[in-house]
Amino acid sequence: MAPSLLDTFRSLASFDPPRRSLAGAPWEEYADWAIAQGLAPMAAYNLEYRMAGAGAPEWVRDRLLSVYQGSLNDNVMKLVNFKRAADEVEGQRWALLGGASFAEALYPHVAFRPVLEIQLLAAPESLAPLFKALGQADFRPDPAAAQEAGAAHALSDGRTAVIIRTRLLGPGREAAEAAMARRMMPMKVYGPSAFRLDLEDAVLALCLEHAREGYQVPLISFVDLRELLLGAPSLGGPYSRKPDFATLKTRAKEWRLERALWASASVAARLFPELEATAAEARPGDLRGATRQLLERLVVGPVCALGKLRVVRGADRLRRWLVGGAG
């Protein structure tokens, strides 16, 4: 039987792909879909260097490999630009979020995880020094980008966008925000003021992003979640430890993100069966059966229907329900 889109996705999104033939896979569908989902660089590397081509047509391999090379160059350019701008600022605290934090902490190769923009969480008192440093590197305010991202600020030098948030959680969560800031870990490669969220907070921040976007996110985000929940076993970095699942669920309750954590962990386990036991540890166990059924129907099933347009009716209401006031 020819490999399905799901089979192809799982094989090419693995950090240790099986040596198997993917001849007859739905390549016409997969190629464009994988590029849109942020999966193409990792797929290209696996096909070329881990699976001896796996029977993929030459045009597919060439196309994916060009994306891999472009992702490598683009990631390095964006991250180096930011490092040069912010490297010498001392005495401040900002956290890199999303792809900028995950590319080297979760993935064996920096090209695997496309970095679309630099996302930061910065305390209000750190904004002036940050803006000064970025301004000296020709970054200018981009109000349209800030509005589109739902962020407090955005700057761009024409090549690299820097999206700046001053809080992750909703109003009235100042104590939780302050505790999260105290737990942040140094990220010295980007200077003495650069940090990243601790592991449990990074998991919840990712689930919060999923929920706020109504789960209309590229599937590379669930590779991020897979590796966070597994403790980044392919590396020896800041996230290479097993999460404290009791702490994770306690913070999810504090942040009112139990539904989002349950939904995101369930999606990741459905996409990657090897994650099921770990996802079971991560999922809050006190959600009502009716709530779990609704999440399965509105989130897990649609997201895992690969290749289909994932548009949920009543998406705004779903977002508000999922974040439980954390938005």
Using alpha-carbon positions, what is the distance between the centroids of segment 240-287 and segment 133-175, in Å?
-> 29
Out of segment 1-62, which trypsin sites (Lys or Arg not before Pro) are coil in DSSP terms and have no more than 14 other C-beta atoms within 10 Å?
-> Arg19, Arg20
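How much net charge surrounds Ser266 when only the other residues with a Cβ under 10 Å from the Cβ of Ser266 are counted, with Lys and Arg +1 and Asp and Glu -1?
Numbers: positive: Arg270, Arg283, Arg292; negative: Glu276, Glu296.
Here the charged neighbours net out to +1.
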Take the alpha-carbon positions of the chain, form their convex hull, and give its projected area averaged over all directions (one quarter of the hull surface) in nm².
-> 16.3
Where Lys and Arg each count +1 and Asp and Glu each count -1, what net charge lies around Ala282 among other residues with Cβ under 12 Å from its Cβ?
-> 0
Any helix of the chain counts here only if DSSP assigns it H throughout, its Cα atoms span 30 Å or more along the axis, and its mean Kyte-Doolittle hydropathy is at least -1.0, and such helices are 58-86
Pick from Ala44, Ala232, Ala54: which is most flexible by mean-square fluctuation in a GNM of the chain where alpha carbon atoms under 10 Å apart are linked?
-> Ala54
Does segment 1-119 come out rounded, prolate or oblate by the C-alpha gyration tensor, with a ≥ b ≥ c the root eigenvalues, rounded set by a/c under 1.5 and, if not, prolate when a/b is larger than b/c and oblate if not?
-> prolate
What net charge do the residues around Glu148 carry, taking every other residue with its C-beta under 14 Å from that of Glu148, with Lys and Arg at +1 and Asp and Glu at -1?
-> -1
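Could you tell me which trypsin sites (Lys or Arg not before Pro) in segment 221-278 are loop residues by DSSP with no more than 14 other beta carbons within 10 angstrom of their beta carbon?
Arg241
Each reported figure results from applying straightforward, stated rules to the coordinates on display, with no laboratory input. The structure displayed is predicted, hence computed values, not measured ones. Because the Cβ atoms are built from the backbone with ideal geometry, glycine has one as well, and the counts that use them run over all protein chains shown.
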